[in-house]
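Worksheet for the structure shown next.
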Amino acid sequence: MAKSAEVKLAVFGRAGVGKSALVVRFLTKRFIWEYDPTLESTYRHQANIDDEVVSMEILDTAGQEDMLQREGHMRWGDGFIIVYDITDRGSFEDVVPLKNLLEEVKKPKNLTLVLVGNKADLEHARQVSTEEGERLAAELSCAFYECSACTGEGCISEPFHELCREVRRR
Ligand code: GDP
Ligand code: MG
């Protein structure tokens, strides 16, 4: 492997979008209904991606941190998942400001990012269409996934794996 086999991923997004649920689902294949929203956790995980073993460190941010800590998290990460909730337009509107902040902090490096629309099981309450998600991802030049941490439908592992691929491609 040309670069470090260790990939640091950080998950950002408005409180309540399901960041913790998504990370826990990815790691354990289980859904935790109530996960302490104030808890910030890092996890280690190994996965076989394209026949290579990749070690990930995943930071599940809690959104309780001050600006300085948040920038620290952004500096720490090699790749980022921005999550929004398809039933919460406000969380979708938070994506661009977050991306801008990430870009600012990572400058002059290019940002490695994927966009995830979570809670796809709540179709009846949807406020953000799949097309809007796709369009935003195209604007941000990043991969896009819709999924449900609750039912496990859609791509749960894919955003994590794709991010690892992109980080290591750089
Ligand atoms: P975080 O603040 O972004 O870490 O969000 P949490 O993971 O704590 O989830 C916030 C709330 O949304 C909790 O009540 C979860 O049970 C719920 N939730 C998370 N993901 C999903 C999902 O995919 N579908 C549904 N229906 N609820 C979800
Ligand atoms: Mg959380």
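The values are calculated or read from the model by the stated rules, or taken from the named source; none is laboratory data. The model shown is predicted, which means the values in this text are computed figures rather than measured ones. Glycine gets a Cβ as well: all are built from the backbone with ideal geometry, and neighbour counts include every protein chain shown. Surface areas here come from the heavy atoms of the whole protein model, side chains and all, with no ligands, DNA or RNA. Shrake-Rupley method; radii C 1.70, N 1.55, O 1.52, S 1.80 Å.
If HIS161 satisfies every condition in (1) more than 26 Å from SER55 (Cα to Cα); (2) open to solvent by less than 50 Å² (accessible area, probe 1.4 Å) but one, which is the exception?
HIS161 satisfies all of (1) more than 26 Å from SER55 (Cα to Cα); (2) open to solvent by less than 50 Å² (accessible area, probe 1.4 Å) except (1).
Tell me yes or no: at least one residue of segment 31-49 is in contact with a Lys or Arg (Cβ under 7 Å, 6 or more places away or on another chain), outside any helix (DSSP H, G or I) and not aromatic (Phe, Trp, Tyr).
yes
Only one residue in THR38, THR28 is within 16 Å of ligand 2 (Cβ to nearest atom), within 14 Å of PHE160 (Cβ to Cβ) and at pLDDT below 95. Which one?
THR28
Take SER20 and tell me if it is more than 20 Å from THR112 (Cα to Cα) and within 8 Å of ligand 1 (Cβ to nearest atom).
When the stated conditions are applied, SER20 passes them.
Consider segment 51-84. How many of its residues are over 20 Å from SER141 (Cα atoms) and in contact with a strand residue (DSSP E or B) (Cβ under 7 Å, 6 or more places away or on another chain)?
Residues that pass the stated criteria total 11.
Of the residues that sit in segment 115-130 and are part of a strand (DSSP E or B) and aliphatic (A, V, I, L, M), which one is farthest from GLY18 (Cα to Cα)?
Among residues in segment 115-130 that are part of a strand (DSSP E or B) and aliphatic (A, V, I, L, M), the one farthest from GLY18 (Cα to Cα) is LEU115.
Please verify whether ALA21 is of a type in the set (A, V, I, L, M), part of a strand (DSSP E or B) and either at pLDDT below 95 or open to solvent by 10 Å² or more (accessible area, probe 1.4 Å) (or both), treating the condition exactly as stated.
Judged against the criteria, ALA21 is not a match.
Hey, does segment 131-148 have a residue that's part of a loop (DSSP other than H, G, I, E, B), of a type outside the set (Ser, Thr, Tyr), touching a residue at least 60 places away in the same chain (Cβ under 8 Å) and closer than 16 Å to PHE12 by Cβ?
Scanning segment 131-148, I find no residue that is part of a loop (DSSP other than H, G, I, E, B), of a type outside the set (Ser, Thr, Tyr), touching a residue at least 60 places away in the same chain (Cβ under 8 Å) and closer than 16 Å to PHE12 by Cβ, so the answer is no.
Name the one entry in GLY90, GLY154, GLY117, GLY77 that is at positive phi and either touching a residue at least 12 places away in the same chain (Cβ under 8 Å) or of a type in the set (S, T, N, Q) (or both).
One residue alone meets the criteria, GLY154.
Would you be able to say whether some residue in segment 29-52 is more than 8 Å from ligand 1 (Cβ to nearest atom) and crowded, with 22+ Cβ neighbours inside 10 Å?
no
Which of (1) open to solvent by 60 Å² or more (accessible area, probe 1.4 Å); (2) more than 21 Å from GLN69 (Cβ to Cβ); (3) within 12 Å of ligand 2 (Cβ to nearest atom); (4) modelled with pLDDT of 90 or more is the odd one out, the single condition ALA15 does not satisfy?
All conditions are met except number (2).
Applying the selection to segment 59-93, what residues are within 16 Å of ligand 1 (Cβ to nearest atom), farther than 18 Å from TYR145 by Cα and either among the aliphatic types (A, V, I, L, M) or open to solvent by 40 Å² or more (accessible area, probe 1.4 Å) (or both)?
Answer for segment 59-93, where residues must be within 16 Å of ligand 1 (Cβ to nearest atom), farther than 18 Å from TYR145 by Cα and either among the aliphatic types (A, V, I, L, M) or open to solvent by 40 Å² or more (accessible area, probe 1.4 Å) (or both): LEU59, ALA62, GLY63, GLN64, ARG70.
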